[in-house]
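Only one structure is covered here, and it is reproduced in the block below.
The values are calculated or read from the model by the stated rules, or taken from the named source; none is laboratory data. Everything quoted here is computed from the prediction, not taken from an experiment. In this analysis, Cβ positions are derived from the backbone assuming ideal geometry, glycine residues included, and neighbour counts consider all displayed protein chains. Areas reflect the complete protein model, heavy atoms only, side chains present, ligands, DNA and RNA absent. Shrake-Rupley method; radii C 1.70, N 1.55, O 1.52, S 1.80 Å.
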Amino acid sequence: MRKIPLRFKIATAIVVSIGLIWTMTPILWIVMTSFKERAEQMNIPPTLFPKRWTVQNYAEFFKRADFIRSFSNSILVTVSSTAISLMLALPGAYALARFKFRFKNLFAFLILLARMTPPVVMVVPFFLIARFLELNRTYFPIIIASSFLSVPFALWMMRGFFAEVPGSLEEAALIDGCTRSQAIRKVILPVIAPGLAATSILSALIAWNQFMFAVVLTNSSTRTLPVLVSMFVSERNIDWGAMSAAAVITALPMIIFALLVQNNLVRGLAAGSVKG
């Protein structure tokens, strides 16, 4: 194995450090602001660390009567949209990876085009359809909208994982008497389980962090946590402390979730990176 030059290691460490500082500084600022008193939040020049630590901002956020409801709504929307995305993406990804048919690449591109379309372009059509079907007071519009964003992403990820599995495994299962659905369920899915886990995790992140559709397609009874965070901005002022505390609380479940499943995420992403 060729030895990596020391200067290359130093340059890599510098680039990674700059990227880490660039990424983490805004996050650290939000966390520190959530522990500052109201007067200190507007200090000139601003200070990163609070002089007097307080949890009043968190207490103010937790005192809101709609916190538990918004938290439950976020979980419901995330779980539902992730399940729908996987149910739609799995057969589509399998078909694109295994079957040869006319305009296959065109279909794959059109599916990807839905993910490339800016969400702001699709908000009004989703809102008008929900209102026409009288679903604007239910969870269905935001669940379907979140699934709309997740399905193309999940399909393209799963397509790569299916393509990595040798067709001989499936052929052997068919020869042994399995139907195609049994071969997929008993042979293929266990092999691509890490990829399926990685796709589920990233789809859940897309649904949990969805704001554009959520702010338009939800109401007081169905709003999610990202929408609740935005409610600390009013016409007269912005409650930076409470909003920062709300942002930390909103991000915390996904951070904990990512730490718990990081091994599956790494295995899944690595599974599709090397040709067999």
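So the values come out like this:
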item	result
The chain: most fluctuating residue of 97, 65, 145 per GNM, C-alpha cutoff 10 Å	65
Top of 204, 246, 83 by mean-square fluctuation, Gaussian network on the chain, Cα under 10 Å	83
For residue 165, solvent-accessible area (1.4 Å; no DNA, RNA or ligand), Å²	10 Å²
Largest-first ordering by accessible area, 1.4 Å probe, given options 215, 79	79, 215
Rounded if a/c under 1.5, otherwise prolate or oblate - the chain, Cα gyration tensor axes	oblate
Extreme residue, positive dipole direction of the chain, given options 8, 90, 187 (C-beta unit charges)	8
Rounded to the nearest 20 debye, dipole of the chain from Cβ charges on Lys, Arg, Asp, Glu	640 debye
Residue-normalised accessible area of the chain, given per residue in Å² at a 1.4 Å probe	61 Å²
Fluctuation leader among 68, 18, 144 - the chain, Gaussian network, Cα springs under 10 angstrom	18
Leading residue at positive end of dipole, the chain (Cβ point charges), from 42, 99, 255	99
Residue-level accessible surface for residue 211, protein heavy atoms, 1.4 Å, Å²	80 Å²
Heavy-atom accessible area order for 255, 111, 44, 249, largest first, 1.4 Å probe	44, 255, 111, 249
The chain, accessible surface, carbon-and-sulfur percent (1.4 angstrom probe)	70 percent
Region 86-139 and region 226-240: distance between their alpha carbon centers, rounded to Å	32 Å
Residues of type lysines that residue 51 reaches as a straight line, Cα spacing below 27 Å, ignoring anything fewer than 8 places off in the same chain	36, 63
